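The next block holds one structure in the form of structure tokens; read it before the comments.
The values are calculated or read from the model by the stated rules, or taken from the named source; none is laboratory data. Just so you know, these numbers come straight off a predicted model, no measurement behind them. So basically every Cβ, Gly included, is an ideal-geometry build from the backbone, and we count neighbours across all protein chains shown.
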């Protein structure tokens with residue numbers, strides 16, 4: 001049974017705007033509330049913060065003097081050491097460094113590396129696949145859901161530019177096989193993949209910010225539906241962090257629209273976060 005974080009969740013600060021900026025961030029959570037989680041739940045939250053390590057690794061591969069996002073789990077010195085070790089053909093224990101990050105670094109420096117590789121998408125897919133194997137049912141399903149979305153988008157891009165899609169799809173499911181081989185517009189997956197038509201329509205949006213917002217709203221709806229009966233568990237905290245990071249990104253991409261989205265989302269959160277009868 002999941003540990004209840006009633007007092008922790010109840011004490012999370014109200015999200016408000018101050019000088020057009022968030023007064024609370026995902027970085028604040030890591031320093032203020034992360035230490036109060038159980039060790040197993042900290043491991044789950046670490047999966048969320050790995051997304052910043054992903055960006056840091058890609059940036060350092062492209063520029064060894066790049067500035068890193070300090071919200072990640074690993075320091076600049078650690079990442080540089082891991083990259084140097086793998087570049088020289090060394091190995092790092094999965095207990096020290098996630099196996100999928102070691103894999104992407106190795107692929108990047110491989111002589112057989114494909115110049116058409118979409119490194120951000122490739123890393124995202126490996127990340128989702130890695131995290132979907134965690135033991136928490138909701139967290140695993142969240143990453144599995146994103147893996148499917150990412151694979152579909154990569155397949156659509158590869159089809160558009162006539163690239164070899166086979167190596168870009170991560171996984172060995174029937175869905176992955178269809179994405180690698182089907183010539184149908186929907187890859188023959190309309191019955192197997194939720195919102196596939198919507199994903200295809202979103203992929204056709206040329207304006208990148210608008211496309212990302214549409215994808216985020218689709219993910220937002222999925223999270224709300226899936227955690228409807230979660231109240232004060234780690235799943236609720238995990239969703240809080242994902243949604244908070246989304247809002248941070250929206251505001252940075254488009255201040256005016258981001259602020260409007262922020263206000264509407266916070267209003268929805270206020271209506272949603274009600275203490276269930278069994279806790280009263």
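In table form, for the structure just shown:
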quantity	calculated
Residue in region 235-247 that is more than 22 Å from residue 128 (Cα to Cα) and at pLDDT below 90 present	no
Hey, residue 123 under 19 Å from residue 170 (Cα atoms) and assigned by TED's automatic domain parsing to the domain that holds residue 154 or not	yes
Evaluation of residue 121 against (1) in contact with a helix residue (DSSP H, G or I) (Cβ under 6 Å, 6 or more places away or on another chain); (2) buried (at least 19 other Cβ atoms within 10 Å of the Cβ) (one fails), failing number	(2)
Residue that is surrounded by the most Cβ atoms within 10 Å (Cβ to Cβ), among those in region 176-191 that are touching a helix residue (DSSP H, G or I) at 6+ places or on another chain (Cβ under 6 Å) and within 12 Å of residue 151 (Cβ to Cβ)	179
Hits in region 135-154 - residues which are in contact with a helix residue (DSSP H, G or I) (Cβ under 8 Å, 6 or more places away or on another chain) and within 12 Å of residue 235 (Cβ to Cβ)	136, 138, 139, 140, 141, 142
Any chance residue 170 is assigned to a loop (DSSP other than H, G, I, E, B), under 17 Å from the mean Cα position of the chain (by Cα), closer than 28 Å to residue 59 by Cβ and in contact (Cβ under 8 Å) with a residue 12 or more places away in the chain	yes
Test set (1) assigned by TED's automatic domain parsing to the domain that holds residue 156; (2) touching a helix residue (DSSP H, G or I) at 6+ places or on another chain (Cβ under 9 Å); (3) surrounded by fewer than 16 Cβ atoms within 10 Å (Cβ to Cβ) - residue 199 fails condition number	(3)
Residue satisfying condition, being out of contact with any strand residue (DSSP E or B) (no Cβ under 6 Å at 6 or more places or on another chain), part of a helix (DSSP H, G or I), outside the structural domain of residue 198 (by TED's automatic domain parsing) and touching a residue at least 24 places away in the same chain (Cβ under 8 Å), within set 154, 139, 57	57
